[in-house]
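Read-outs: derived from the displayed coordinates by stated rules, not from any lab. Computed from a prediction, not measured in an experiment: that's the story for all the values here. Cβ placement follows ideal geometry from the backbone for every residue including glycine, while neighbour counts extend to all protein chains displayed.
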Amino acid sequence: MEAPPLAAPICASQGAMGSLLGKMEELLVAPDGSRLPKGVKDRMLLLGGDLGVVAAYLADLSELEDPPPTAKRWMREVRELSYDIEDYIDEFCAAPRPGRRANTTARFVCRIGRVKVARLPKRLKRHQQMGKMVSQFRIYVEEAIERHGRYGLDCCDHRRRYVSFGPMLPSRPYGEEDAQLVIDGRVSEFIERLANDEDQKLKVVSVVGFSGIGKTTLAKLFYNRIGGQFDCRAFVRVSRKPDMKRIFREMFYQVQRKQPPDDYKELMLIDSIREYLQDKRYLIIIDDLWAASAWDLINQAFPEVIQSSRIVIITQVEDVALTCCCYDTEYIFEMKPMNDEHSTMLFLQRLFGSESDCPQQFKEISNKIVQICGGLPLATTNLASLLASHPVILMDLCLYIRDSLSSAFRTNSSIEGTRQVLNLSYNNLPHYLKTCLLYLNMYPEGYKICKDDVVEKWVAEGFIDQIEGRDLKKVAGSYFDELIDRRFLQPSRLNYNNEVSTCTIHDEVRDLIAYKSLEESFVLVLDCYRKDVELSDKVRRLSVHFGDTKYAKIPTNIRTSEVRSLTFFGLCKCMPSLTEFKLLRVLNLQLSGHVGDELLDLSGISELFQLRYLKIACNIRTELPSQMRGLKYLETLQMDTTLTAVPWDIIYLPCLLHLHLPFDTNMMDLIGRMTHPSTLLSLEPSSSNSLPSRGIISNLNNLRDIHLTFCTPPSKYIERNMEVLGSLLGRLGALEVNISWEGLAPPPLLQKFEWLLDNCIFSRVPRWIEKLGNLRILKIAVRELPKNSVDILKGLSALTALSLSMHAIPVERIIFDNVGFSILKYFKFNCSSVLWLKFEAGAMPNLRKLKLGFNVLREDLHGTTPVSIGYLPSVKEISVKIHGVGSDAESVLTYTVSNHPSNPRINEKLVDWTTYCEEGRHMVIKEKDHGFQEEQNEQEYLDKYKQADIRISTSANFLDIKQILEDAINRWLCPSEICEILKNYRSFFLATEPPNKPPSGSLFVFDRKILRYFRNDGHNWRKKKDEMTVKEDHERLKSGSIDVLECYYAHGEENENFQRRMYRMLEEDVKHIILVHYLEIKVLVVPILRPLAKQNSKAH
């Protein structure tokens, strides 16, 4: 079954009119099983004719640049009517039809019992009700037609929009050049002074200026240009209504390069960030700061270190800038508008590619438009993008812009003038772009919007027009790219091909979106500060931003039964009942549990029959309905939460395209309980533990991508989960922890395969990979890389990005010749050691980015170069991480990399990168990186193609064992770090006798089977009442929402701050391994208010 086709997309200005006309036409020509009685059909035909007239009027008024108030009111009423009629038709089609039975036996019984005649009144009653509703709707439509004539709307002489329906002028990829164009001499001097300042003290610098003047652009340029000189860095945005928990979690991730635990509160995040930064040189950019109170809290995360660390504040508020710098104006830089030269360069660069390419007839009018923009980069680029959106530059459009805005910047402030520019550009957007842009109001302020996420929502909402021969998601992706090109969205992250994968929204653009969305009654945004909402229209799309507010509720005057799209950010206890939202198409829940919350019950989702998109992110266990087969239109199912069970029937969802599930023990329930399709007529899962037949799994062929998140389950489940994954992807093959998966038959149209499980590697490149002719992205880890494995990779003609990790010491040379890899642009290769790696002439001719990482033995490098990369003509960037080389070896390798004839950008770094070997098994422990400039998320460089992919990833990042041991001297370890040590206990020395009065910061690993009395450590611990037995408190520790550890606490008798903590995992295989940690804790009170002395030291 396919989702109902749309004759035209739903849009903000015309409501559901286009979709409605298509559905009515489909209903009228439906097969005999659902044919309408003649009377109802005749009324439907008349209604369709009247709706066609109204649709034409609505489309005509939508082309006015600024319709009169009466027209806006009439358009709003007609849009609401179109939604009401479509909702009724959807409910009619989704309702069970009387007289239908699931099997022939039931029909036979009904005939014998003569029940067939008794059912006729029910069917007639249903059709009579529909006939009455169609007649009522027709009355409303006729009244709308009458009002259109009475208001004289058919002769509006208002100015019409300049909308381009052809291709845009070609634009450059978004890169650093855009930022350089807004940098004049004064700004360049500021950047150089800040970059070359050798003062060892921590400095806080503020950049202040009004909106749209280029402050964030300056900060990004500075961040990208010199950020690699710092040990760690972060760029976070605060916004006017800051979500402090989100800000600190984002800062934690960027600084420590791993996700923080789900249960971390704000103060825990602050402490962790501060502790991590204690001995490091760091760069922090705080963008869009509006209040000194927010800075007071954020500032607590930054230690006073003598490492030349820098904090840059971006704000529009002068008082905030002064407060952050302790009122020292020496550290405040005030942004000024661009001069005429730079403004002209920026405008013409965007419009024509360069100043010299501007035709003579456009120079005068271009200079006038540039002068009107007043030196503001946001206004300048937006107008240039408006002109560039047309296939040919029109002089009439240039004059229209000049005449429309010539007074805006003269009579209004600079901010108001920028708003006039944005409003002009918005009014001249195509309707499909207006709709997609307004939908972004569903996201909270300051939120980073992922391209893949938003385009899936656009498709589910019905905003995307069906273009013959093109995939809907690709069309939606092109809309996203066009909004970037028109400068309505700001790039946040670029992939390796300089394409935007994540974006943010400028404050002024967001204000415009919020205003227009309210004017069109398109999206309603609620926060915890709005208890009562005045509504003039029905709410179709609702975005709720409650945050951590405990008692917030949705106002009672909102009719939730008419909401089509719901986004909810808040606590589980504040979420309304989902069964009230009967017409939901899109449901996005970003939830967090409160104290005492253990389970989130979402079983009511099974009643949302119109649902197309479902995403749930929650930090507590979530219960889905046992059956979801009724959600026949569901396209996206994304679960970023721990599930009690995976609904067994999701493979029968006919429209499912995108499946994201946690890859844990619950996956066994999904597969193990299913049997042959012939037994599923009762819709009850079997208790059998056998794996499903290929016939069941074939239902997954419609999927475009499968994303299974690996949450580090106990090792005894790994093999079983691999079997589950094998059955999901195709025929089950010979599968081991060290994977030999030659029997797999993956989806033939697979375009992306990533294997990111930390502790599972392929023995070599599987042969089935050579059958994937459409594979564009491959990320895989192998034990060895023989020549035939290289040959398999060469045969992948569509391969664009390759990430390859080799875990064993190579026994032969690895050579890439001129065969294959003809369109490869990104190549990452990690190896435990290297004998010889060579890229011959003609190899990888289009490679743009090369990343190498290996442990190299000193003797391998004497007199020779084991890495030969002298060719690679198109390479733009080479990154190398090496470990364990001597100075001579380092100089040889440096010379080889640095003297590449293409003169690429070079990043080379020595790192602490170690490997360990356990019974022939190799695993890489992540390196300790000091200042190596690398992408914030390598995944962004592999996300160019998303049409069809399989991604198996891990939510637990590699942990730096060496860093953990160093940190244990000063702090308690978190559960994930303890688990990492206990699981890898064979890599550590196991103590064979108890220690004697170990000091604070000591760590010991014991095997209870070898040493039973490890507690006899010589310390005097607090006793129970019998004064003989040591008093030990006991509790279980969680990782996420799952119990993983048992912990026993003992306190010193003389010094209660000196403690001993003993940990053991609940997993039976390693339950006999004990980790003991001794630490004297120091009581630290973190003040909320800023200490004056400390701030002065930062400024000076």
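At a 10 angstrom cut-off on C-beta neighbours, averaged per residue, how do the peptides 499-508, 1001-1010 rank from highest to lowest? Intermediate values should be presented prior to the final figure.
On the way: 499-508: 20.6, 1001-1010: 16.2.
Result, highest mean Cβ count within 10 Å first: 499-508, 1001-1010.
Measure up Lys241/Lys368; Lys220/Lys336; Lys550/Lys615 against 28 Å on the Cα-Cα distance and list the ones that go over. Show your work: numbers first, answer last.
Details: Lys241/Lys368 38 Å; Lys220/Lys336 17 Å; Lys550/Lys615 22 Å.
Over 28 Å Cα-Cα: Lys241/Lys368.
Return the Rg/Rh value of the stretch 523-630, two decimal places, where both radii are evaluated on C-alpha atoms and Rh is the Kirkwood radius.
Values: Rg = 13.5 Å, Rh = 14.3 Å.
That ratio is 0.95, to two decimals.
In terms of modelled amide H atoms, which long-range or inter-chain residues lie less than 5 Å from the amide H of Lys828?
Those qualifying (amide H under 5 Å, at least 5 residues apart or on another chain) are Leu802, Ser803, Leu804, Lys851.
So what J values fall out for the stretch 791-804 if you push phi through Karplus, 6.51 cos²θ - 1.76 cosθ + 1.60 with θ = phi - 60°, rounded to Hz, Gly and Pro as x?
My calculation for the stretch 791-804 gives 5, 4, 5, 4, x, 7, 5, 9, 5, 10, 9, 9, 10, 10 Hz in order.
Rank the residues Asp328, Asp287 as a footprinting-exposure proxy: fewest other Cβ atoms within 10 Å of their Cβ go first.
Values: Asp328 17, Asp287 21.
Arranged by neighbour count, lowest to highest, Asp328, Asp287 become Asp328, Asp287.
How do Lys752, Lys448 line up, fewest other C-beta atoms within 10 Å first? Don't skip to the answer; put the middle values down first.
Working: Lys752 25, Lys448 14.
Arranged by neighbour count, lowest to highest, Lys752, Lys448 become Lys448, Lys752.
Each residue of the stretch 628-637 in order: what ³J(HN,Hα) in whole Hz does its phi give by Karplus 6.51 cos²θ - 1.76 cosθ + 1.60, θ = phi - 60°, with x for Gly and Pro?
These are the phi-based 3J(HN,Hα) values: 10, 5, x, 7, 6, 9, 5, 10, 10, 10 Hz.
Tell me, what is a quarter of the convex hull surface for the C-alpha atoms of the stretch 973-1080, in nm² with one decimal? Let's see the in-between values first.
Details: hull surface 28.2 nm².
Result: 7.1 nm².
Going by Cα centres, the stretch 281-325 and the stretch 436-467 are how many Å apart?
What the calculation gives is 32 Å, centre to centre.
Please work out the Cα center distance from the stretch 197-251 to the stretch 555-608, rounded to the nearest Å.
35
Which ³J(HN,Hα) values, rounded to whole Hz and listed in residue order, are derived for the stretch 55-72 from phi using the Karplus coefficients 6.51, -1.76 and 1.60 in 6.51 cos²θ - 1.76 cosθ + 1.60 with θ = phi - 60°, glycine and proline given as x?
4, 5, 4, 5, 5, 5, 5, 5, 8, 6, 5, 9, x, x, x, 5, 5, 4
Taking amide H positions as placed in the peptide plane 1.01 Å from N, state which residues far from Lys1023 in sequence (5 or more) or on other chains have amide H under 5 Å from it.
Lys1031
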